[in-house]
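Read-outs: derived from the displayed coordinates by stated rules, not from any lab. Quick caveat, the model's predicted, so the values are computed rather than measured. Quick reminder, even Gly has a Cβ in these numbers, built from the backbone with ideal geometry, and neighbours come from all protein chains shown.
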Amino acid sequence: MKEYEMGFLTAVSTGENDSLATFASQQIVQIATALHGLSPEQIRETPSASAMSLGALARHAILMAEGAALHIAAAPEYGPEAPRTPEQRQAEGTIAPEAVREDDTAPVLIAELHAAAEKLAEVLRAADLDAIGPYPDQPWFEGRKTWTVRWYALHQIEEHARHAGHADIIRESIDGKGTYELNARAEGGTWPPEGW
């Protein structure tokens, strides 16, 4: 049987910084893969019991990754917020339907997710993992005042993996396509791969 490595398998990494960077960026890329081949209407659909669309979920993941990169790069200081209007920040932060912008398409969101993943990975590869940073002022961090970059990197992997799972469920609810097929097609392959 021909050997085939699926795109959702995280690349081999070396060292702690590279491993954290590689796994964090891989989860963001998996959200991008769930958008592959969708129309502007489909990225706005809410086909499951959730009120989330893939477009709004993508916008949320981009906001999270961009913000995390800025905070990690600034540690031990608190980094600047990712550039957004107050309305965009609110919608993207809560994964509201209005997070999807008028000119959003699957290719636009895929490109922005890849760019956010690359930036977060770049910052993590250069980070002092023992540096201490202040928590963002959000109610879900209530009771915690500081984090190490290492903890915050792991938190990014956790959060983006959760949302990659959400993206899988929403995509399957739209057209039944699963992550194996979407990864193969996003990489320019066919489904099923030869020899499967």
Based on DSSP H runs of at least 4 residues, each adding -39500 (n - 2.57), what is the mean residue ellipticity at 222 nm of the chain after dividing by all its residues, to the nearest 500 deg cm²/dmol? -18000 deg cm²/dmol
Selection from Thr146, Pro107, Ile157 lying farthest towards where the dipole of the chain points positive, charges on Cβ: Thr146
In the chain, which longest range has no GluC sites (Glu not before Pro) that are both DSSP loop (not H, G, I, E or B) and surrounded by at most 15 other Cβ atoms within 10 Å? 143-186
How many percent of the alpha carbon pairs in the chain exceed a separation of 27 Å? 30 percent
For the chain, give the magnitude of the charge dipole about the Cα centre (Cβ charges: +1 Lys/Arg, -1 Asp/Glu; no others), in debye to the nearest 20. 200 debye
Surrounding charge for Ala115, neighbours by C-beta under 11 angstrom, Lys/Arg +1, Asp/Glu -1, total -3
Based on other C-beta atoms within 10 Å, arrange His163, His155 from fewest to most. His155, His163
By the scheme Lys and Arg +1, Asp and Glu -1, what is the net charge of all other residues having a beta-carbon under 13 Å from that of Pro76? -2
Summed side-chain charge close to Gly55 - residues other than Gly55 whose Cβ falls under 14 Å, Lys, Arg +1, Asp, Glu -1: -4
